[in-house]
Amino acid sequence: MTFGVTLDRAETGYGYIEVADSTAGLKCVKTFVEKPDQETAERYLASGQFLWNSGMFVMGAQAYLDELARYSPGIADATKRAMADAKNDMDFLRPSDAFLESPEDSIDYAVMEKTASAQVLPVDFGWNDIGSWSAIWDEAGSDEKGNHFVGDVVAVDTSNSYIRADKRLVGTIGVEELVIVDTADAVLVANRSRVQDVKEIVRQLELDKRSEHLFHSEVFRPWGSYEGIAEGNRYQVKCIKVKPGAALSLQMHHHRSEHWIVVRGTVRVTRDDEVFTLGENESTYIPRGEKHRLENPGRLMLELIEV
């Protein structure tokens, strides 16, 4: 079963569900429909036979597995093999690479459009898909000029815009109907009416064989995370966070040395045959070619700067 949200406008940003009748109560799904253009969305609204596809589903686990095996056996098989060979990695459970062989598909295409058991319940509870930054602008509330700001924003002659400044000051002059989002990873500037097309940027990144759409500046690992702070000719600076009781693997670098400065917590350092402990505001040096390891023996998150 899925929930279909009753329409109150012709919306081009949502998928739709067509039903056989418009009476109240649980009903059979006639078809799932992709995001329409404006003319088609207006026709859907006028017909009374369509609901927004909320993307929320309720089903028994075994019922779903049975239908998945029947209609998308490639997904079911790859997933079963991936979980059969899954490995525990500290507090991560890592399915095997068999999952990479699974076809890419959504639950709508893989099961719901094919099963004879799909039903939809019409609901009306103020739902918003929040599928874009403009949808967040709709829900966030705005000032007297129609703006909503998050973070350090200085706006002059700016109206009807959503601006988010996560890392630094963002300033605007004489603009309107914009979405501006500044994060540690990237900056997005788009007209509010086009912000749904952000996937076109992702597609261009893929064509250019770039990696920004795949990785964040903060990279998570079972032991914690690391984040690039600065990089230039012959240097790189990272903030490394190690969870209590966790450790990095023993490693060695042929082409770089490292300086470690503890800013929070306690670190146990292995450097070739030495093992020693450092606290906040203490530092050490790892010459290239020496084996080394970081461990967090304490109860607090360890944070250090690596140069």
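Where a number appears in this text, it was derived from the coordinates with a stated rule and is not lab data. What you are looking at is a predicted structure, and each value in this text was computed from that prediction instead of being measured. Because the Cβ atoms are built from the backbone with ideal geometry, glycine has one as well, and the counts that use them run over all protein chains shown.
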List the chymotrypsin sites (Phe, Trp or Tyr not before Pro) within region 165-262 that fall in a DSSP loop (any state other than H, G, I, E or B) and whose Cβ has at most 11 other Cβ atoms within 10 Å. Phe215
Looking at Ser225, Asn296, Leu121, which one has the Cα that reaches farthest to the positive end of the dipole of the chain (charges on Cβ: Lys, Arg +1; Asp, Glu -1)? Asn296
Zero-based 5 Å bins, Cα pair distances in region 133-207, whole percents: 4, 16, 27, 26, 16, 8, 3, 1, 0
Can you say what percent of the DSSP beta bridges in region 70-226, counting only those with both residues inside, are antiparallel? Round to 5. 45 percent
First obtain the Kirkwood hydrodynamic radius of the chain from its Cα pairs, then insert it into the Stokes-Einstein equation at 20 °C and 1.002 mPa s, and state the resulting D in µm² per second as a whole number. 88 µm²/s
Enumerate by residue number the chymotrypsin sites (Phe, Trp or Tyr not before Pro) in region 102-141 meeting two conditions: DSSP loop (anything except H, G, I, E, B), and at most 10 other Cβ atoms within 10 Å of the site's Cβ. Phe125
Would you work out which of Gly141, Thr158, Ala190 lies farthest towards the positive end of the dipole of region 133-207, given +1 charges on the beta-carbon of Lys and Arg and -1 on that of Asp and Glu, about the Cα centre? Ala190
Asp77 and Ile229 label points (each 7 Å along its Cα→Cβ direction) are spaced in nm at 5.1 nm
Charge dipole of the chain built from unit charges on the beta carbon (Lys, Arg +1; Asp, Glu -1), centred at mean Cα; most positive-end Cα among Thr284, Ala78, Thr12 is Thr284
What is the calculated FRET efficiency for Thr6 to Ala69, with r their C-beta to C-beta distance and R₀ = 25 Å, to the nearest 0.05? 0.15
Selected from Lys27, Lys241, Lys199 as most flexible by GNM, with the chain as the system and alpha-carbon contacts under 10 Å: Lys199
Taking R0 as 45 Å, what's the FRET efficiency between Ile173 and Thr31 from their Cβ-Cβ distance, rounded to 0.05? 0.40
Using the crude model of +1 on Lys and Arg Cβ and -1 on Asp and Glu Cβ, and no other charge, please compute the dipole size for the chain relative to its Cα centre, in debye to 20. 960 debye
In region 201-236, the trypsin sites (Lys or Arg not before Pro) that fall in loop regions by DSSP, at most 16 other Cβ within 10 Å: Lys209, Arg210, Arg234
List the residues whose amide H sits under 5 Å from the amide H of Ala86, counting only those 5 or more places along or on another chain, with H placed 1.01 Å from N in the peptide plane. Ser96
Looking only at region 274-305, which residues have a backbone nitrogen under 13 Å from a spot 7 Å from the Cα of Cys239 in the C-beta direction? 302-305
By counting other Cβ atoms within 10 Å of each Cβ, how are Val202, Val33 ranked from fewest to most? Val202, Val33
